[in-house]
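Working notes, structure below.
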Amino acid sequence: MSGVRVVRAGQGVLIGCSHGTRDLAGRATIHELLAAVEAAAPELDVREAFVDVQEPEVADVVTEALAGAGEGEPVVVVPLLLSVGFHVGVDIAAAVDGGPARAAAPLGPDDRLVEVLLDRLGEAGATPDDVVVLAAAGSSDPRAARAVEEVATALGARRRGPVTVGYGAGCEPTVPDAVVAARTAAPGQRVVIASYLLAPGYFHDRLLEAGADLVTAPIGADKRVAEIVLERYAAAAGVL
C-alpha cells in the first residue's frame with residue numbers, strides 16, 4: 001500500500017468504527033471497506049465496531065481486543081467517519097479513555113477523498129458547467145464544518161464550476177436550502193449533489209429528495225479510502 005508501513009504479523013489490532021446503519025447496502029459497503037483493509041494488511045487483526053444502531057459497540061470491541069492483545073501490540077480505533085464530531089470526540093474517545101488503546105484521526109479531510117468525489121461526479125454525468133453542492137452529514141462540532149469546508153475548497157480548486165456546502169443535520173445550510181441557493185445563484189445551470197458520505201443509508205436517501213438534478217453515489221469502499229484507513233492506523237500506532 002503506497003505510503004503505508006504497518007507492523008508485523010500479530011502485532012496490532014485495527015478496529016474500524018463506523019456509525020452503523022439499518023441499510024443493507026450501507027452495511028455491505030463498510031464490510032467491503034474493511035475487507036479491503038484486511039487484504040492490504042493481512043498482518044493486522046481487523047475488527048468492526050459501531051457507535052450507534054448496530055453491534056458490537058466500540059467500547060466492547062476495545063475491551064475484547066485489549067484482553068487478547070500481546071504486550072506491546074497496539075490497539076487502534078480508526079473512525080470510519082469523514083470528519084470530527086460527537087462520535088469521534090465522545091463515543092470513540094470514551095472507548096479508549098484510561099487505557100492503552102488509541103483513537104486515530106477520522107478519514108477526512110484528505111486529498112484522496114477529493115479525488116474520489118471527482119470520480120463520483122464523473123460517474124454521475126456531471127459536467128464542468130454544473131453547480132455542485134457538497135453534501136455532508138453535519139455536526140454541531142464547528143471543527144466538522146471547517147473540515148467539510150476544506151474539502152469543498154479543494155474540490156472547487158479542481159473544477160471549473162462553483163462548489164457550495166449543505167448539511168444533513170447539525171448545522172446550516174441544509175442540503176435542500178443549499179440546492180435552492182445554488183439554483184438562485186446560477187439560473188439555468190444544473191445543480192449536482194456530491195455525496196460526501198461514506199456509505200448508503202438514511203442521509204444519502206435524503207439527498208435523493210433534496211431537489212438536485214443529479215446526486216452522486218457515496219464515497220464507498222474505494223481502495224483510496226482503505227489506504228487512508230491504514231495510514232490513520234499507522235499514525236496512531238506510531239509505526240509510520
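The values are calculated or read from the model by the stated rules, or taken from the named source; none is laboratory data. Everything quoted here is computed from the prediction, not taken from an experiment. For neighbour counting, all protein chains shown are included, and Cβ atoms are generated from backbone atoms with ideal geometry for every residue, glycine included. Side chains included, ligands, DNA and RNA excluded: accessible areas come from the protein's heavy atoms. Shrake-Rupley method; radii C 1.70, N 1.55, O 1.52, S 1.80 Å.
Within segment 18-60, restricting attention to residues that are in a helix (DSSP H, G or I) and over 25 Å from R224 (Cβ atoms), the residue that is nearest to the chain's Cα centre (by Cα) is A59. Look at segment 166-185: where a residue is farther than 15 Å from F203 by Cβ and of a type in the set (D, E, K, R) and a partner is open to solvent by less than 30 Å² (accessible area, probe 1.4 Å) and at pLDDT 95 or above, sitting 6+ places away or on another chain with Cβ atoms under 7 Å, you get D177/G166; R183/V191. Looking across segment 72-128 at every residue that is closer than 21 Å to V13 by Cα and among the charged types (D, E, K, R), the one that is most open to solvent (accessible area, probe 1.4 Å) is identified as D97.
Restricting attention to segment 126-143, the residues being modelled with pLDDT of 90 or more and either part of a loop (DSSP other than H, G, I, E, B) or within 12 Å of the chain's Cα centre (by Cα) (or both) number 7. Please count how many residues of segment 186-203 are in contact (Cβ under 8 Å) with a residue 60 or more places away in the chain and closer than 22 Å to A154 by Cα. Selection size over segment 186-203: 11.
Per this entry, S195 is not counted among residues that are part of a loop (DSSP other than H, G, I, E, B), surrounded by 24 or more Cβ atoms within 10 Å (Cβ to Cβ) and under 15 Å from the mean Cα position of the chain (by Cα).
The sole residue among A221, A217 that is touching a Lys or Arg at 6+ places or on another chain (Cβ under 8 Å) and either in contact (Cβ under 8 Å) with a residue 40 or more places away in the chain or within 21 Å of L80 (Cβ to Cβ) (or both) is A217.
Which one of these does Q189 not meet: (1) polar (S, T, N, Q); (2) closer than 29 Å to E57 by Cβ; (3) surrounded by 14 or more Cβ atoms within 10 Å (Cβ to Cβ)? Single failed check for Q189: (2).
Please find, among A182, A212, A234, the residue that is more than 15 Å from V165 (Cα to Cα), of a type in the set (A, V, I, L, M) and buried (at least 17 other Cβ atoms within 10 Å of the Cβ). Before you say what the answer is, go through the steps one by one.
Working: A182 fails: more than 15 Å from V165 (Cα to Cα); A212 fails: more than 15 Å from V165 (Cα to Cα).
After ruling out the rest, the residue left standing is A234.
Beta carbons closer than 9 Å, at least 6 apart along the sequence or on distinct chains, pair a first residue in segment 130-148 that is touching a residue at least 60 places away in the same chain (Cβ under 8 Å) and within 11 Å of L197 (Cβ to Cβ) with a second that is of a type in the set (K, R) and part of a helix (DSSP H, G or I) for A135/R206. Scanning segment 218-231 for residues that are open to solvent by less than 50 Å² (accessible area, probe 1.4 Å) and either assigned to a loop (DSSP other than H, G, I, E, B) or out of contact with any strand residue (DSSP E or B) (no Cβ under 7 Å at 6 or more places or on another chain) (or both) yields P218, I219, G220, A221, D222, R224, V225, A226, E227, I228, L230, E231.
Within segment 87-123, the residues that satisfy the criterion of being outside any helix (DSSP H, G or I) and free of Cβ contacts under 8 Å to residues at least 12 places away in the same chain are D97, G98.
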